[in-house]
Amino acid sequence: MMRTLLSRFTCMTVAFFAAICAFPAVSSAIVVCDDPADHQYESMSELEGVGYLSTTGGTTGVLISPVHVLTAGHAVNSSITGHTFTLHTANGYESFGLVEKYLHPHKDLAVVRLDRSTGLSGYQINTQTNEVGSEIIIVGFGESGTGKPEPNEHPKGIGRYGSNRVDYSISGCLVFDFDKPTDDGEEPTPGITESMIAKGDSGGPSFVWENDKLKIVGIHVGILDSDGDSIFPEYGDRGYDVRVCAYSDWIHQQIPEPGSLIILTIGCFALMLRPRR
């Protein structure tokens, strides 16, 4: 279903709050070249494991287990106490408390543990190393607009998606640019599916399809303001994702094995049954 829907959509940007460099304020964020409303995925079950983090003014995260969220390190580099991770599932909106965070020592990545199970299995991490040239589905809960500088009329908190293509990788990151839909950038060209990340999409995932499953290839962490005009994202700017296959061992180390959880649960239950002396 989702593959068919994606083929109908053209240029959008998914929002994020920059981490590659120290960026100035943004005049518009999530950028698309058609109607941002067409990119909402609220009812699409394939993406229901991507959610809204209330941290840092609003960011994005993605489930990698029933109780663990993968996101950008800068999205949770302050206190997570009192903050939530909200999913829009078939049952409506549901929020989960943030209990603990694990920050990667050298890369802009983090894993956050939730206060209870979401009931969803989460997404697998891509382990292939041939991402360059691949079409990716970029997702986020950030602001939205178009590829031309204009006031933003689409606020954070709504999940949107679009597609792009990985141009190259560098320093543990995947890089994709935001191409204009036509030579003059005035009207979108049918079949063009370029999208870009923007303010509020930090920590959101980029997916690839593999054996009819979505797998995480990148986590949004930054945008390069290519023309230096302090307006981004716009056509010509480049988005940066952490290349998760390079850090998959660390990611998996933050998630207890299911067997360990079962043993722990049984152990606690056994202690409760022990007679008191």
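Fewest-first ordering of Ile125, Ile136 by other beta carbons within 10 Å of each residue's beta carbon gives Ile125, Ile136.
Between Ser171 and Ala90, the C-beta separation translates, for a Förster distance of 51 Å, into a calculated FRET efficiency of about 0.80.
How long is the gain from Ser54 to Asn130 if the chain were fully straight, where each residue apart is worth 0.36 nm and the alpha carbon distance is subtracted? The partial results should precede the final answer.
Details: separation 76, 0.36 × 76 = 27.36 nm, distance 3.34 nm.
Computed gain between Ser54 and Asn130 is 24.0 nm.
If you sort the three axes of the alpha carbon gyration tensor as a ≥ b ≥ c, you get a/c of 1.5 or more for the stretch 63-135 and a/b no higher than b/c, which makes it oblate. Between the stretch 115-137 and the stretch 235-254, the alpha-carbon centres lie 11 Å apart.
Can you sort Asp241, Asp227 from fewest to most other Cβ atoms within 10 Å of each residue's own Cβ? Mind showing how you got there, number by number?
Numbers: Asp241 29, Asp227 12.
Arranged by neighbour count, lowest to highest, Asp241, Asp227 become Asp227, Asp241.
FYI, it's all coordinate maths here, none of it is from the lab. Since the structure is predicted, the reported quantities are computational estimates derived from the model, not experimental observations. Counting neighbours? That spans all protein chains shown, and the Cβs are built from the backbone with ideal geometry, glycine included.
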